[in-house]
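The values are calculated or read from the model by the stated rules, or taken from the named source; none is laboratory data. All figures in this text were calculated on a predicted structure; none of them were measured in a lab. Glycine also receives a Cβ, built like all others from the backbone with ideal geometry; neighbour counts cover every protein chain displayed.
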Amino acid sequence: MKVAMITWEYPPRIVGGIARHCEGLAKALSNIGHEVHVFTLDFPGAPNYEEKQSIKIYRTRSEVGHPNFLTWVLLFNHFIEKRVASVSQTVNFDVLHVHDWLMAPSSIALKHFTKKPLVFTAHSTEHGRSGLHIPDSFTIDGVEWWATYEANRVIVTSGAMKGEVCGHFQLPDKKVEVIPNAIDLGKYQGAVDRWAVRSRFGIQPHEKLILCIGRLVPQKGIEYLLHAVPILARRRPETKFIIVGDGWYRDHLEWVANTTGQRWRITFTGFVSDADLVALTKSADVLVVPSVYEPFGIVALEGMAAEVPVVASQVGGLTEFIEHDRTGVLVYPRNPESIAWGVEYILSNPDHARWLAQNAAEVVQKTYGWEAIAKRTSRVYEEVIAEAMKK
Amino acid sequence: MSFTPLPPVPEEFRVLSMMHNIGAITPERSLSPDELAMWTGIEVATVKDCLQRLRELGYVEQIEVSGVEKYHVTKVGIMKVLTLYS
């Protein structure tokens, strides 16, 4: 099958989970025999065309810009549309697969131009991410609805997201397929020198490392973890907190950290390399995922794969792969006291914490590898192609 | 427990986003503070203040072209911008 994958984020252009999701899926689809063509935006230093592990990657520069985000998005869609259309003159794609709304306008046009079925993966919704409070949000929400309407099938990564898109966009149940996210299981299998990593990030041998990884944006709920710091400091004085990631909300979060009276316990690292991300995850005593909105929550899955006990908010997709007190600890969202309880529960019961982490790693190994996810995605492609042939 | 309402996006971050959206993401596409002020509709003095802070944070880089200071978003800056939309 020839697949055109259309995504605004693809490595090395990485921000949240979409780039990693697309890369993992593209590799796995290629491994099971599909011809995958990825269309994405340019990134300084990355070639405008390359073949990597049989995946053909086309990076396109938007020749015209605009300071307004939405105008810029619509402009780059034109250049992407042109690139895919050009390649489609020589490659007869079987299916188009677009990730998130940002590439939806070009993908919808290409669906009609190539007369090929369109699959749309909704990684999140504007409604869920930030609510509909400014004109741009309403437009983004409209584009998301348009994509779900035009797509032959919509893929979401959790049952919670299925409920959200079916309810908000009024989609029929059968149009939406739940295929969870996956992770590269091999990434967490190598050994790391835990003590050296901890020392490099300022953690003393007697201290406990509480790790939080994510974009520094409101929906990740990091301020609730910060408000839990003084509570934990009273109960477990040996705790230290490392917040990995960056985002527009960072200044505010650093201000919140300053108000806790425990600023010295908290380190904001900004973005770190992939190698450091894995090393830190494997070296942590607890991984906290305090999100208030989380369609899936791949960071928690990565923690589970690394055999680190996970404390996560009881929201969205997190509740679907974390079983409370068997594969992790679920706590109330927006609730610092509950987060503190979850962390303390892990730190106070090391044997139980190890058991939780081992159970979690087993679940991830069995269910969340890319090969299984690629096969399920492939079945969706086969279905939409067969349905399109009947029309 | 009550929490403060969401703060507005900081001014320098708005400038960074606009620089990214107009394509100033490589040395050859760098723009001067005057050009950035025209593109964004923000006062030159404000643009200069923002550029100073963004440079300190590593989100923009300054180069000199024919004696004129020009600025472009760094790779880390691009990733920072994308957090707003991702």
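Residue-wise test of (1) within 14 Å of chain B (Cβ to nearest Cβ); (2) farther than 21 Å from A:T121 by Cβ.
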site: A:L29; (1), (2): no, no
site: A:H37; (1), (2): no, no
site: A:L41; (1), (2): yes, no
site: A:P44; (1), (2): yes, yes
site: A:E50; (1), (2): no, yes
site: A:N68; (1), (2): yes, yes
site: A:W72; (1), (2): yes, yes
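Of the residues making up segment A:292-303, one or more are of a type outside the set (F, W, Y) and more than 27 Å from A:C166 (Cβ to Cβ).
Residues of segment A:100-113 being in contact (Cβ under 8 Å) with a residue 60 or more places away in the chain and more than 13 Å from every other protein chain (Cβ to nearest Cβ), which ones?
A:S106, A:S107, A:L110, listed by residue number.
Of the candidates A:I322, A:I298, A:I346, the single residue that is in the same structural domain as A:R234 (by TED's automatic domain parsing) and modelled with pLDDT under 95 is A:I298.
Every listed requirement among (1) within 23 Å of A:G297 (Cα to Cα); (2) of a type outside the set (F, W, Y); (3) outside the structural domain of A:N152 (by TED's automatic domain parsing); (4) touching a residue at least 40 places away in the same chain (Cβ under 8 Å) is met by A:Q189 save one, (4).
Inspect all residues belonging to segment B:42-49 and state whether any of them is facing chain A (nearest Cβ under 10 Å), touching a residue at least 24 places away in the same chain (Cβ under 8 Å) and of a type in the set (A, V, I, L, M, F, W, C).
Scanning segment B:42-49 turns up at least one residue that is facing chain A (nearest Cβ under 10 Å), touching a residue at least 24 places away in the same chain (Cβ under 8 Å) and of a type in the set (A, V, I, L, M, F, W, C).
Restrict the check to segment B:4-14 and report whether at least one residue is within 10 Å of chain A (Cβ to nearest Cβ), of a type in the set (A, V, I, L, M) and either closer than 27 Å to A:E254 by Cβ or in contact with a strand residue (DSSP E or B) (Cβ under 7 Å, 6 or more places away or on another chain) (or both). Yes.
Flag set for A:S283, criterion: touching an Asp or Glu at 6+ places or on another chain (Cβ under 9 Å) and either assigned by TED's automatic domain parsing to the domain that holds A:K208 or modelled with pLDDT of 95 or more (or both).
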